[in-house]
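Data first, discussion second: the structure below is written as structure tokens.
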Amino acid sequence: MAEEKKIEGFSNIKFTASGLLLEAKLKTGVPLKITRAVIGTGYLDDGEDVANLTALKSEIESHQTGVTSSSATVDITNVSVVAAGMTNLRLKIKNGDTPFYLREIGIMAQDPDLGEILYLYTNCGNGAQAFPVFDGSNHVYRTIDFLNIISNASDINVNVTLNNEVTRDDFETHKTATVLDHPNGCVTTEKIADSSVTGIKIKDSAITLAKLNNDIHTKFDGLEKAIQKINSTKKIDLEYSIGQGHDGYIIVVKPKVNYIARKDVSGIATYPLQSIDKCYMYICYNYDSDSISLVCFTTVSGRGPQPPDDYIFSAEISSSSDCGDFEYHRLIQKDDNGDIVAVM
């Protein structure tokens with residue numbers, strides 16, 4: 001006996017911080033390699049940010065078709081690029097030797113520096129799907145489509161472990177259609193008789209120019225915002241040194257943005273004249289000019305200027321013990337208000 005259904009109810013699939021870091025690397029021409037999908041039973045904690053995940057909350061053992069194992073089977077059965085930067089994935093999941101509730105799914109990818117990472121994640125919370133133990137006859141299959149995965153990759157390599165798979169839903173829909181069509185698009189204009197599509201067949205003005213314009217505008221607005229979010233992600237790497245000079249602390253910063261070295265910036269924070277005063281340094285990033293700058297100052301009678309709006313790192317310098325060579329690494333992004341926020 002075999003039971004096959006399509007899964008609904010999962011939340012929108014989201015990037016992890018490691019996934020966003022990989023997205024930044026894809027801009028440099030690194031190909032996207034999706035290696036496999038993993039499943040689990042875990043809940044997200046209240047307010048928990050998917051970006052902070054490096055693994056599923058509670059992963060269950062699984063394998064792909066072609067691997068000898070009695071655990072649950074999780075295959076990527078289809079991948080299609082629907083538009084520039086937008087990909088659809090289909091998964092097929094089959095029960096194994098342990099019962100479980102399918103609550104979370106992760107998409108794994110290969111990072112050229114970190115190895116295999118948790119790239120994308122989704123969780124259906126209380127809408128988990130039950131999978132019984134496979135007893136030799138009760139095959140239970142579930143399929144799920146991840147739609148509109150937006151990526152910077154110009155080259156996508158997906159490890160499809162179960163090719164040419166047609167779900168029962170696909171087959172039944174195709175078999176019972178009044179007029180058969182095919183998902184490969186073979187019913188072309190040349191195969192539709194002249195004047196066969198009439199106003200009667202388009203009932204109640206189902207397709208109007210206004211509706212098409214509105215639908216297209218809505219889709220492109222959402223796509224544009226998602227692409228802007230990805231493009232605003234920057235990998236910041238800073239090597240900086242603090243030393244003592246004749247008149248103050250000498251600060252030198254060697255910055256990189258998205259792995260590309262930028263011009264060194266330097267400055268001097270004059271030594272304070274009173275014990276209550278301190279020296280401060282602010283390393284800033286300007287999105288508009290794509291540039292790194294350094295602001296140094298010393299308070300006077302405990303007072304100093306306001307920190308710059310675009311600073312990404314700050315430090316207080318109060319004595320020679322604060323001198324030395326240091327590093328700072330961070331992934332930053334613009335939020336919906338245009339403010340710089342750290343995502344990793």
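The values are calculated or read from the model by the stated rules, or taken from the named source; none is laboratory data. From a predicted model like this one, the values you see are computed outputs, not experimental measurements. Note: ideal-geometry Cβ built from the backbone for every residue, glycine included; neighbour counts use all protein chains shown.
Points worth noting:
- Residues (β-branched (Val, Ile, Thr) and more than 18 Å from residue 240 (Cβ to Cβ)) located in the range 271-297: 276
- The condition (being aliphatic (A, V, I, L, M), touching a Ser or Thr at 6+ places or on another chain (Cβ under 9 Å) and modelled with pLDDT of 85 or more) is satisfied by just one residue among 315, 269: 269.
- Of the listed requirements (1) more than 24 Å from the chain's Cα centre (by Cα); (2) surrounded by 14 or more Cβ atoms within 10 Å (Cβ to Cβ); (3) modelled with pLDDT under 85, residue 232 misses just one: (1).
- Some residue of the range 10-32 being over 16 Å from the mean Cα position of the chain (by Cα), modelled with pLDDT of 90 or more and over 15 Å from residue 120 (Cα atoms): no
- The residue list 70, 58 contains one member that is within 27 Å of residue 140 (Cα to Cα) and more than 22 Å from the chain's Cα centre (by Cα), which is 70.
- Counting the residues of the range 292-326 that are touching a strand residue (DSSP E or B) at 6+ places or on another chain (Cβ under 9 Å) and either part of a loop (DSSP other than H, G, I, E, B) or of a type in the set (Ser, Thr, Tyr) (or both) gives 14.
- Residues located in the range 40-69, provided they are surrounded by fewer than 19 Cβ atoms within 10 Å (Cβ to Cβ) and either among the β-branched types (Val, Ile, Thr) or touching a Gly at 6+ places or on another chain (Cβ under 6 Å) (or both): 41, 54, 57, 58, 59, 65, 67, 68
- Single residue of the range 260-290 satisfying the filter (aromatic (Phe, Trp, Tyr) and closer than 29 Å to residue 28 by Cβ) that is surrounded by the fewest Cβ atoms within 10 Å (Cβ to Cβ): 287
- Within the range 114-127, residues that are not assigned by TED's automatic domain parsing to the domain that holds residue 51 have Cβ atoms under 6 Å from residues that are of a type in the set (Val, Ile, Thr) and not in a strand (DSSP E or B) in no pair, counting only partners at least 6 apart in sequence or on another chain.
- Count of the range 293-333 residues which are within 23 Å of residue 263 (Cα to Cα) and of a type outside the set (A, V, I, L, M): 19
- Taking the numbered list (1) of a type outside the set (Ser, Thr, Tyr); (2) within 15 Å of residue 35 (Cα to Cα); (3) at pLDDT 70 or above in turn, residue 144 passes all entries but (2).
- Number of the exception - residue 237 against (1) acidic (Asp, Glu); (2) modelled with pLDDT under 90; (3) touching a Lys or Arg at 6+ places or on another chain (Cβ under 7 Å): (2)
- Any chance residue 289 is hydroxyl-bearing (Ser, Thr, Tyr), in a loop (DSSP other than H, G, I, E, B) and closer than 24 Å to residue 342 by Cβ: yes
- The range 274-286: number of residues that are more than 29 Å from the chain's Cα centre (by Cα) and either outside any strand (DSSP E or B) or among the polar types (S, T, N, Q) (or both): 5
- Criterion: of a type in the set (Ser, Thr, Tyr), surrounded by 17 or more Cβ atoms within 10 Å (Cβ to Cβ) and either over 26 Å from the mean Cα position of the chain (by Cα) or not assigned by TED's automatic domain parsing to the domain that holds residue 332 (or both) - qualifying residue of 293, 301: 293
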